[in-house]
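Down below is the structure, laid out as structure tokens.
The values are calculated or read from the model by the stated rules, or taken from the named source; none is laboratory data. Remember, it's a predicted structure, so these values are computed and weren't measured experimentally. Note: ideal-geometry Cβ built from the backbone for every residue, glycine included; neighbour counts use all protein chains shown.
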Amino acid sequence: MAPALEVRDVAMRYGDRPVLGGVTLRVEDGEFVSLIGPSGCGKSTLLKVIGGLEQAERGEIYIEGRPANGRRGLIAYMPQQPSLLPWRTVAGNIELALGIAGVPRAEARRLARDWLGRVGLAEYANAWPHMLSGGMQQRVSFIRALLSPRKLMCLDEPFGALDALTRQHMQEWLLSIWEENRRAVLLVTHSIEEALLLSDRIVVLSARPASVLREFTVPFGRPRDPKLWKVPAFAELREAIHELLKPAEAAGTASG
Amino acid sequence: MGNKRLSGWLPLAVIALIAAAWEAAVRMFAIDPYILPSPSAIVREAMQPNVWPRLEMHTLATVRRTLTGLALGVLAGVALAAAIHLIPGARRASAPLLVLSQSVPYIVLVPLLLIWLGFGEEPKIVLIALVCFFPVTVAMLTGLRECDPALRGYLAMIGADRRTIFTKLELPNAVPYLFSGFRIAAAYSVTTTVAAEWFGGGSGLGYYIKLSYSGFETARVFAGTIIIIAFSMLMYGLAGLAERLVVRWRPKTERRGGDGSGA
């Protein structure tokens, strides 16, 4: 079976500045992969290249085995901002995303109601997005990506804008939902703990121009214990990744 | 709630106070009604059996003309904005033209429109529509462009095509902008109608005021003017009401505040 995502030696530059310097990675079907790197290393740019918004200068992208360079609409996506259209109801937002992905209207409606109920947001189905808290909006945004018929989910620092406590709750929530509904996930994050808690594999990127420094296979079984940080191996892995990121971080610039 | 009710009545109280002062001044200084009629004299004159039916008739003509011109202007403004937005390069090409079209003082258009379209309804309607379309086009163009970049990026990432981005993102985003343009156009439309009627034709409040003015009937000039002001305010209020009914999704801080203090 073809992997959900295969990125082969992808390079890209903005003008004279090289941003991606030959990135290679893959995400198998049903696998949770985190992408971690110093701020501004080009993680979000890589997502844009995968999503077809930016064109790679070199290298190939395959999504579900098909060439995907410059092609849009092949992924499910959850951005850092909830990005719910303020003039559509919560359910309406989910239905629109599913509609764009080609899900028939009635099916999209059923799925949206069903899942909002499952995650305890049934009473908000007809609410305007601004009536929901930041954490609730991100839950809706995640459900919207999860329900997409696309195999690969790209999550771009989905909890980056939330406060620490909400962030932790959201990580545990996402973990429980994902473990019951396994999908190929590529998560961009700058939190080592988040990557360790959620992923099967962690890909560490270098500073600009980004290339893969190292890959870690996360050895913890599933379902994961949310209190994973108590395990000594967790601290060791965190330390190893931290060391790897250290010199780059000292020279790091703006976030990205 | 108490504050809200007070703020609603306060302007009315101020108007009543001014009217009372006006009435008192006219009586105290025995001002000639030809120079300045008192409010009570204006009302008395408007209620005359030979005046009121004509005021009614001319008001109706003005209202009909205003609404027709405004509707045409708004439709043309929305269509033009959508066209400029959707045709690549049209925005940059049309920007100076839009400003230029508004730099023409519309008074000079009146004789031209009369030459081209004759003395009937058409030149008036066209003039009102021309005056109304600009604020609508400009506001709408802004609304179509100024979408949240995060929403734009999200929709692009999940593969929304140009059509979907226009209908689901840009158009709904432009609606509140459209309404602010519409409110301005509604206010313009009334004054433009009155000016157009002043210049030609045999009906409407503008015509009636000009006629009363020529006949030294100052009280009738005031009566006509008051009706125009009331109509103008009504239009503005209706535009605001329409906006509240259509744009329900926006967080309404005032309403929330009111509910909070009431509970």
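Here are a few things to note about the model shown:
- Test set (1) more than 22 Å from residue A:192 (Cβ to Cβ); (2) not in a helix (DSSP H, G or I) - residue A:41 fails condition number: (1)
- In the range A:123-141, the residues that are under 14 Å from residue A:163 (Cβ atoms) form Cβ pairs under 9 Å with partners that are hydroxyl-bearing (Ser, Thr, Tyr) and part of a helix (DSSP H, G or I), at six or more places apart or across chains, as follows: A:133/A:166; A:134/A:166; A:135/A:166; A:136/A:124; A:138/A:166.
- Check on residue B:134, away from every other protein chain (no Cβ under 11 Å), in contact with a Gly (Cβ under 9 Å, 6 or more places away or on another chain) and of a type in the set (Phe, Trp, Tyr): yes
One line per residue, one yes/no per condition, for (1) more than 14 Å from chain B (Cβ to nearest Cβ); (2) at pLDDT 95 or above; (3) assigned to a helix (DSSP H, G or I); (4) in contact with a Ser or Thr (Cβ under 6 Å, 6 or more places away or on another chain):
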| residue | (1), (2), (3), (4) |
| --- | --- |
| A:136 | yes, no, yes, no |
| A:142 | no, no, yes, no |
| A:148 | no, no, no, no |
| A:162 | yes, no, no, no |
| A:165 | yes, no, yes, no |
| A:171 | yes, no, yes, no |
| A:174 | yes, no, yes, no |
| A:177 | yes, no, yes, no |
| A:197 | yes, no, yes, no |
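- Test for residue A:155: is it of a type outside the set (Phe, Trp, Tyr), within 14 Å of chain B (Cβ to nearest Cβ), buried (at least 16 other Cβ atoms within 10 Å of the Cβ) and not in a loop (DSSP other than H, G, I, E, B): yes
- When residue B:34 is tested against (1) of a type in the set (Phe, Trp, Tyr); (2) in a helix (DSSP H, G or I); (3) in contact with a helix residue (DSSP H, G or I) (Cβ under 7 Å, 6 or more places away or on another chain), just one condition goes unmet, and that condition is (2).
- In the range A:89-104, residue surrounded by the fewest Cβ atoms within 10 Å (Cβ to Cβ) [restricted to those that are within 14 Å of chain B (Cβ to nearest Cβ) and not aliphatic (A, V, I, L, M)]: A:102
- The residue that is modelled with the lowest pLDDT, among those in the range A:1-40 that are more than 16 Å from the chain's Cα centre (by Cα) and of a type in the set (A, V, I, L, M, F, W, C), is A:1.
- Subset of the range B:79-118 [surrounded by 12 or more Cβ atoms within 10 Å (Cβ to Cβ) and over 23 Å from residue B:171 (Cα atoms)]: B:101, B:102, B:106, B:109, B:110, B:111, B:112, B:113, B:114, B:117
- Qualifying residue in the range A:184-191 (condition: within 14 Å of chain B (Cβ to nearest Cβ) and assigned to a helix (DSSP H, G or I)): no
- Subset of the range A:128-141 (residues that are under 16 Å from residue A:81 (Cβ atoms) and either surrounded by 15 or more Cβ atoms within 10 Å (Cβ to Cβ) or touching a Leu at 6+ places or on another chain (Cβ under 8 Å) (or both)): A:129, A:132, A:134, A:135, A:136, A:137, A:138, A:139, A:140, A:141
- Looking only at residues in the range A:65-88 that are over 17 Å from the mean Cα position of the chain (by Cα) and not hydrophobic (A, V, I, L, M, F, W, C), the one that is nearest to the other protein chains (Cβ to nearest Cβ) is A:86.
- Among the residues of the range A:199-233, none is identified as of a type in the set (Lys, Arg), at pLDDT 90 or above and over 19 Å from residue A:8 (Cβ atoms).
- All conditions in (1) buried (at least 20 other Cβ atoms within 10 Å of the Cβ); (2) free of Cβ contacts under 8 Å to residues at least 40 places away in the same chain; (3) over 17 Å from residue A:79 (Cα atoms) hold for residue A:181, with the sole exception of (1).
- Qualifying residue in the range A:44-58 (condition: modelled with pLDDT under 95, at the interface with chain B (Cβ under 9 Å from one of its Cβ atoms) and touching a helix residue (DSSP H, G or I) at 6+ places or on another chain (Cβ under 6 Å)): yes
- Within the option set A:112, A:125, being more than 10 Å from every other protein chain (Cβ to nearest Cβ) and buried (at least 19 other Cβ atoms within 10 Å of the Cβ) holds for one residue only, A:112.
- Considering residues of the range B:25-70 that are among the polar types (S, T, N, Q) and more than 25 Å from the chain's Cα centre (by Cα) only, the residue surrounded by the fewest Cβ atoms within 10 Å (Cβ to Cβ): B:50
- The selection criterion, being buried (at least 20 other Cβ atoms within 10 Å of the Cβ), modelled with pLDDT of 90 or more, within 14 Å of chain A (Cβ to nearest Cβ) and under 22 Å from residue B:86 (Cβ atoms), does not hold for residue B:141.
- Any hit, the range B:168-181, residues being away from chain A (no Cβ under 14 Å) and crowded, with 20+ Cβ neighbours inside 10 Å: yes
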